[in-house]
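Colleague: Let me begin by handing over the structure; questions about it come next.
Read the figures in this text as sums done on the coordinates, not as results from a lab. Since the model is a prediction, treat every value here as computed from it, not as a measurement. Ideal geometry is used to build each Cβ from the backbone, glycine not excepted, and the neighbour counts take in all protein chains shown.
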Ligand code: 0X9
Ligand code: ZN
């Protein structure tokens with residue numbers, strides 16, 4: 001088959017593509033019988049099976065009684081809050097085991113509370129999020145030179161790293177790889193810089209392990225600033241853009257092979273059997289205040305001290321070295337469809353808040369103009385909840401980066417962290433439009 005024919009077929013094939021460099025043969029265990037036409041990755045099927053019978057509920061919190069009731073479920077086994085218990089929002093999304101589900105729904109009914117079901121079958125949703133493509137498409141990808149990354153599937157860390165190596169090789173003189181260190185479990189915290197300019201911009205994804213759309217979208221930005229860089233010459237002449245798709249590589253790999261809903265790093269805490277710290281609570285500005293828990297088992301445990309995690313130390317050291325050149329910091333999370341402006345630890349605002357808001361609003365407008373949904377713009381502490389020790393606040397207050405933002409990407413909870421891989425491409429397209437509009441707003 002000639003390369004042109006292959007390319008044409010690639011473009012025409014609607015199926016998703018593999019999450020690995022090598023092809024995974026369908027396992028008999030992967031054949032659940034529930035979804036006969038679907039092919040599963042072995043590790044994905046094992047991972048999903050842990051969530052058998054789990055549901056994601058959307059609880060209405062229009063009264064304080066319900067908020068208090070939900071608080072009694074914090075840090076309980078079989079309970080995972082997907083959105084924070086906050087008086088600022090009308091609903092809370094919570095994933096529950098079958099046991100907790102019966103208890104919680106009964107108590108809600110008894111107390112006059114109400115809820116809906118966002119995801120009726122979490123196991124199924126995990127399986128459907130990232131299907132293996134057809135054998136025909138796999139064969140085509142096998143024959144592809146250079147890299148296996150696509151924007152039709154969620155990929156493992158090695159595939160993200162392979163893509164950056166490919167971009168460095170293919171766009172020599174424009175892009176080159178870099179590292180901000182090694183994770184707790186020994187993985188490279190790898191990034192790629194593209195651009196020829198003196199001025200600098202930082203973009204990171206995958207701080208939170210389970211928010212898979214984030215690394216996928218950052219790798220889409222890498223593509224935009226390399227493969228189609230001719231369209232972005234104004235940006236790339238003025239700026240060098242540093243991009244790290246997977247800032248928490250240990251957590252990210254664990255979501256593929258261990259627990260799909262893992263959020264934190266994978267560091268060991270002395271004196272506790274619980275693992276990991278929330279990297280977005282671990283930065284050294286207002287560390288350990290609002291929105292954190294001293295319980296090492298909590299998903300918002302900020303670590304034993306500021307910058308206890310090698311992943312956050314890597315960002316700190318790099319950004320401090322670039323203090324005088326770095327002008328914009330953007331961190332990608334999911335989900336909620338919001339774009340945050342500092343500060344998030346509390347409701348105080350920086351003196352240049354209006355200017356930051358102007359740039360963020362340009363981003364949200366461009367995102368919508370590119371066919372995306374509406375994103376709310378404002379402070380996390382006013383739109384969602386106050387949370388301290390975040391990377392965005394630290395970048396603004398301590399690393400002196402004027403324009404600091406956090407995106408909460410798609411969706412609004414219909415799929416939550418289990419956003420289907422078929423939505424990666426559109427998310428990438430609309431988010432890239434937002435980022436480029438924000439950069440052009442400060443050109
Ligand atoms: O809580 C977080 O870290 C972010 N939301 S998420 O659901 N992805 O976990 C929001 C962080 C906003 N920034 C600050 N609070 N500083
Ligand atoms: Zn997050």
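Colleague: Rounded, prolate or oblate for the stretch 359-443? Axes are the square roots of the Cα gyration tensor eigenvalues, ordered a ≥ b ≥ c, and the cut-off for rounded is a/c under 1.5.
Modeller: Note, shape of the stretch 359-443 comes out oblate.
Colleague: Taking R0 as 22 Å, what FRET efficiency do you get between residue 198 and residue 172 from their Cβ-Cβ distance, rounded to the nearest 0.05?
Modeller: With R0 = 22 Å, the Cβ-Cβ based efficiency is 0.65.
Colleague: For the stretch 243-327, what class follows from the C-alpha gyration tensor (a ≥ b ≥ c being the square roots of its eigenvalues): rounded when a/c is under 1.5, otherwise prolate if a/b is larger than b/c, else oblate? Working shown, then result.
Modeller: Working: a/c = 2.24, a/b = 1.34, b/c = 1.67.
Judged from the Cα gyration tensor, the stretch 243-327 comes out oblate (a/c at least 1.5, b/c at or above a/b).
Colleague: Order of 203-216, 262-275, 416-429 by packing, highest average Cβ count within 10 Å first?
Modeller: Highest to lowest by the protection proxy: 203-216, 416-429, 262-275.
Colleague: Another question, if that's okay. Going highest first, how would you order 382-393, 221-232 by mean Cβ packing within 10 Å?
Modeller: On the way: 382-393: 23.4, 221-232: 18.2.
The packing order, highest mean first, is 382-393, 221-232.
Colleague: Roughly what % of DSSP beta bridges within the chain run antiparallel, to the nearest 5?
Modeller: Looking only at bridges with both residues in the chain, the antiparallel portion is about 55 percent.
Colleague: Sticking with this one: When you count, for each residue, the other Cβ atoms within 10 Å and take the mean per peptide, how do 327-338, 102-113 rank with the highest first? Each step should come with its number before you reach the end.
Modeller: Details: 327-338: 23.5, 102-113: 14.2.
My ranking of the peptides, most packed first, is 327-338, 102-113.
Colleague: For the chain, what is the mean residue ellipticity at 222 nm derived from helices alone (per DSSP H run of n ≥ 4: -39500 (n - 2.57); sum divided by total residues; nearest 500 deg cm²/dmol)?
Modeller: Taken over the chain, the calculation gives -10000 deg cm²/dmol.
Colleague: For the chain, what class follows from the C-alpha gyration tensor (a ≥ b ≥ c being the square roots of its eigenvalues): rounded when a/c is under 1.5, otherwise prolate if a/b is larger than b/c, else oblate?
Modeller: It comes out oblate by the Cα gyration axes.
Colleague: May I ask for the distance between the Cα centers of the stretch 218-265 and the stretch 334-388, given as a whole number of Å?
Modeller: Here the answer is 20 Å between Cα centres.
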